[in-house]
Amino acid sequence: MRLRLEFTTEPFDLEEPPEHALVAREVVESGALEAVDVGPFGNTAEGSVDAVVEAVAEVLRRSLAAGATRVSLQVNALPERDGEGLA
C-alpha cells in the first residue's frame with residue numbers, strides 16, 4: 001500500500017521560512033519518500049506505509065523541537081497501481 005502525506009507547520013512567517021518549517025522539509029526531502037513537493041503553505045510526499053509513518057514521527061519530533069506550535073497533517077491511501085498488491 002502507498003500513502004500520500006500532506007502537512008504544514010505553524011506559526012507561518014511570510015518573510016522567510018521558520019526553522020521548524022526547514023527541518024520538516026529536510027525530513028521529507030532526505031528520507032525514503034517520493035513525489036516530494038515542498039511549498040510555502042504546505043508539503044506533500046508519497047511512499048510506503050513504513051516510510052510515511054517514519055516520516056510523520058520524525059516531522060513531529062523535529063519540527064516541534066524547532067519551535068512549531070502546530071503541525072497539521074493528513075494521510076491518504078492511494079489507489080493501487082497496475083501490478084501492485086497490498087503489502
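Take every Cα pair under 8 Å in the chain that's 6+ residues apart, average their separations, divide by the length, and report that relative contact order as a whole percent.
Values: 142 pairs, mean separation 41.2, N = 87.
Across the chain, relative contact order equals 47 percent.
How many percent of the accessible area of the chain is carbon or sulfur, using a 1.4 Å probe?
Values: 2800 of 5440 Å².
That share works out to 51 percent.
How tilted is helix 19-30 with respect to the longest principal axis of the chain? Cα atoms for both, answer in degrees (0 to 90, nearest 10).
For 19-30 against the chain, the angle is about 20 degrees.
Give, rounded to the nearest 20 debye, the magnitude of the charge dipole that the chain has about its Cα centre when Lys and Arg contribute +1 at Cβ and Asp and Glu contribute -1 at Cβ. Before the final figure, lay out the partial values.
Numbers: 7 positive and 17 negative charges, 53 e Å.
Charge dipole, the chain, about its Cα centre: 260 debye, nearest 20.
Using alpha carbons only, how many degrees (0 to 90, rounded to 10) separate the axis of helix 49-65 from the longest principal axis of the chain?
So the helix axis and the longest Cα principal axis differ by about 10 degrees.
Taking only protein heavy atoms and a 1.4 Å probe, what accessible area per residue, in Å², does the chain have with all protein chains in place? Don't jump to the answer; show the numbers that get you there.
Details: 5440 Å² over 87 residues.
So the chain comes to 62 Å² accessible per residue, rounded to a whole number.
Let me have the 222 nm mean residue ellipticity of the chain computed from DSSP H runs of 4+ only, each contributing -39500 (n - 2.57), with the sum over all residues rounded to the nearest 500. Don't skip to the answer; put the middle values down first.
Numbers: 2 runs with 29 residues, N = 87.
My calculation for the chain gives -11000 deg cm²/dmol from helical runs alone.
The values are calculated or read from the model by the stated rules, or taken from the named source; none is laboratory data. Quick caveat: nothing in here was measured; it's all calculated off a predicted structure. Using ideal geometry, Cβ is built from the backbone for each residue, glycine included, and neighbour counts are taken over all protein chains shown. These area figures cover heavy atoms from the full protein model, side chains too; ligands, DNA and RNA do not enter into them. Shrake-Rupley method; radii C 1.70, N 1.55, O 1.52, S 1.80 Å.
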